[in-house]
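Participant: What follows is a structure written as C-alpha cells; I'll ask about it next.
The values are calculated or read from the model by the stated rules, or taken from the named source; none is laboratory data. Since the model is a prediction, treat every value here as computed from it, not as a measurement. Heads up, the Cβs are rebuilt from the backbone with ideal geometry, glycines too, and the neighbour counts pull from every protein chain shown. With ligands, DNA and RNA removed, areas are computed over all heavy atoms of the protein, side chains included. Shrake-Rupley method; radii C 1.70, N 1.55, O 1.52, S 1.80 Å.
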Amino acid sequence: EDLRSELEKALPGQLHIEVGIQCLDADVQRLSGRNSRRDAVLDGLDFLCKQKTFETHADLLAGLPGQTWEHITRDAATLMLYQTAEIQLEILKVLPGTPMQEIAPVHGICYCPDTPYDVMKSETMTVEEIQQVRALSRLLDLTYNHKALHFPVLTMSRECPDFILRLLNHFQQTGGTVQTVWNLQKRFFFLLDFCRKYGLKQGEISLAYHWLLAGFPPGEGPDVYSRKADNIPENAVLHSGSADCLTARETRCWQLPMNGEVIYLAYNRAFAPNRPAAIWIAPE
C-alpha cells in the first residue's frame with residue numbers, strides 16, 4: 001500500500017513502468033522458478049493501468065517450460081482487457097550460466113547456442129508455433145502498441161470473439177510477416193479491412209475518429225461517418241485544443257457520431273496543421 005501511495009503521487013511523465021508478466025499460468029510460473037500469484041499480479045496490473053500520470057507496458061515471454069501457444073494468446077488477450085499501454089512479446093533467451101540453462105533439457109527446450117540464445121522449440125511448443133509468436137509480436141507492434149491505433153484495437157478486441165487469432169490470421173493472409181513494415185495509413189486500411197470482414201461497427205467508427213486525430217483528411221479512408229458541421233452547439237463541451245479557432249478565418253468544422261455522443265472537430269492550419277485544432281463533445 002505504501003508503494004501504491006507513492007506511485008499515485010507521480011507527476012505526468014515522471015515514470016515509465018515495465019511489468020514482467022512473462023506468463024500468467026501457475027504451472028508455467030512454477031516450472032520457471034517463479035511463484036507469483038495470478039490474482040495478485042492482475043490486481044497490481046489493474047492498479048498500474050488505471051494511473052493517469054504514467055504508462056504501463058507489460059512483457060510476455062514465449063518458450064518457457066510447459067508453456068503452449070494457447071497460453072500466449074490467452075495472456076495477450078488478458079493484458080488487452082486491462083488496457084496495458086503496450087504488450088511486448090518476446091522469445092525466451094536461455095543465457096549461459098543461468099538456472100534456465102540448467103533446466104532446459106528437462107523440458108525439451110532447444111535454443112540457439114550462440115547469441116541471441118533464443119528458444120527454437122520445446123516439448124510443448126513447436127518450431128512453427130515459435131514462429132507464430134514472432135509474427136504476433138510484430139503484429140502487436142504494428143497495431144496495438146501504436147498510440148494512434150491503440151484504442152481502435154481495444155474496441156475491436158471487445159467486439160470480436162477470438163480477436164487475437166482472427167487478427168493474426170488476417171495479418172498473415174494479407175502478406176504480413178515478421179519483416180513487415182507498414183506506414184500508419186497502411187495500418188489503418190489493414191484494420192479497416194479486418195473490421196469489415198467481421199462486421200465490427202464500433203471498431204470501424206473508432207478507426208474513423210482516430211484517423212482524424214492522426215491528421216488524415218475527413219471523409220477519406222476509414223472515415224465514412226463524419227459530415228461537415230455549420231457550427232458547434234452550445235451544449236458541446238470543449239475536450240481539447242483552443243476554442244479561439246472558431247472565430248478565425250478559414251476554420252472548418254466536422255461532426256462525427258460516436259457511442260451516443262457527437263464529436264465536433266474544428267480545423268484551421270493556423271492553429272494546427274492537418275490535425276484538429278479543437279475538439280468538442282456533445283450529447284447525440
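Participant: May I ask you to say which residue of Ala104, Ala58, Ala148 is under 25 Å from Phe188 (Cα atoms), of a type in the set (Gly, Ala, Ser) and either outside any loop (DSSP other than H, G, I, E, B) or without any contact (Cβ under 8 Å) to a residue 12 or more places away in the chain (or both)?
Facilitator: On inspection, the qualifying residue turns out to be Ala58.
Participant: (1) farther than 23 Å from Met258 by Cα; (2) among the aliphatic types (A, V, I, L, M); (3) without any contact (Cβ under 8 Å) to a residue 60 or more places away in the chain; (4) surrounded by 13 or more Cβ atoms within 10 Å (Cβ to Cβ): which one isn't true of Leu184, the others all being true?
Facilitator: Condition not satisfied by Leu184: (1).
Participant: Inspect all residues belonging to region 206-214 and state whether any of them is out of contact with any strand residue (DSSP E or B) (no Cβ under 8 Å at 6 or more places or on another chain) and of a type in the set (S, T, N, Q).
Facilitator: No.
Participant: Could you run through region 250-262 and say how many residues are farther than 11 Å from Ile232 by Cβ, within 26 Å of the chain's Cα centre (by Cα) and in a strand (DSSP E or B)?
Facilitator: Total meeting the criteria: 4.
Participant: Same structure, new question: It is to be established whether one or more residues within region 57-75 are touching a His at 6+ places or on another chain (Cβ under 8 Å) and among the aromatic types (Phe, Trp, Tyr).
Facilitator: Taking every residue of region 57-75 in turn, none turns out to be touching a His at 6+ places or on another chain (Cβ under 8 Å) and among the aromatic types (Phe, Trp, Tyr).
Participant: Something else now. Which residues, taken from region 158-180, are under 22 Å from Trp211 (Cβ atoms), open to solvent by 60 Å² or more (accessible area, probe 1.4 Å) and either over 17 Å from the mean Cα position of the chain (by Cα) or small (Gly, Ala, Ser) (or both)?
Facilitator: Thr174
Participant: Also, I was wondering about something else. Counting just the residues of region 245-257 that are over 14 Å from Pro218 (Cβ atoms) and in contact (Cβ under 8 Å) with a residue 24 or more places away in the chain, which one comes out surrounded by the most Cβ atoms within 10 Å (Cβ to Cβ)?
Facilitator: Cys245
Participant: For region 33-46, give me the residue count where each residue is at pLDDT 95 or above and surrounded by 15 or more Cβ atoms within 10 Å (Cβ to Cβ).
Facilitator: Residues that pass the stated criteria total 4.
Participant: Could you list, in sequence order, the residues of region 47-71 that are surrounded by 15 or more Cβ atoms within 10 Å (Cβ to Cβ) and under 20 Å from Asn145 (Cβ atoms)?
Facilitator: Passing the criteria: Leu48, Cys49, Gln51, Phe54, Glu55, Thr56, His57, Ala58, Asp59, Leu60, Leu61, Ala62.
Participant: Kindly indicate whether any position in region 72-84 is assigned to a loop (DSSP other than H, G, I, E, B), open to solvent by less than 30 Å² (accessible area, probe 1.4 Å) and in contact with a helix residue (DSSP H, G or I) (Cβ under 7 Å, 6 or more places away or on another chain).
Facilitator: Yes, some residue in region 72-84 is assigned to a loop (DSSP other than H, G, I, E, B), open to solvent by less than 30 Å² (accessible area, probe 1.4 Å) and in contact with a helix residue (DSSP H, G or I) (Cβ under 7 Å, 6 or more places away or on another chain).
Participant: Another one. For Ile232, indicate whether it is open to solvent by less than 50 Å² (accessible area, probe 1.4 Å), part of a loop (DSSP other than H, G, I, E, B), farther than 22 Å from His146 by Cα and free of Cβ contacts under 8 Å to residues at least 60 places away in the same chain.
Facilitator: yes
Participant: Are any residues in region 1-32 in a loop (DSSP other than H, G, I, E, B) and surrounded by 14 or more Cβ atoms within 10 Å (Cβ to Cβ), and if so, which ones?
Facilitator: Residues satisfying the conditions are Ala10, Leu15, Cys23, Leu24, Asp25, Ser32.
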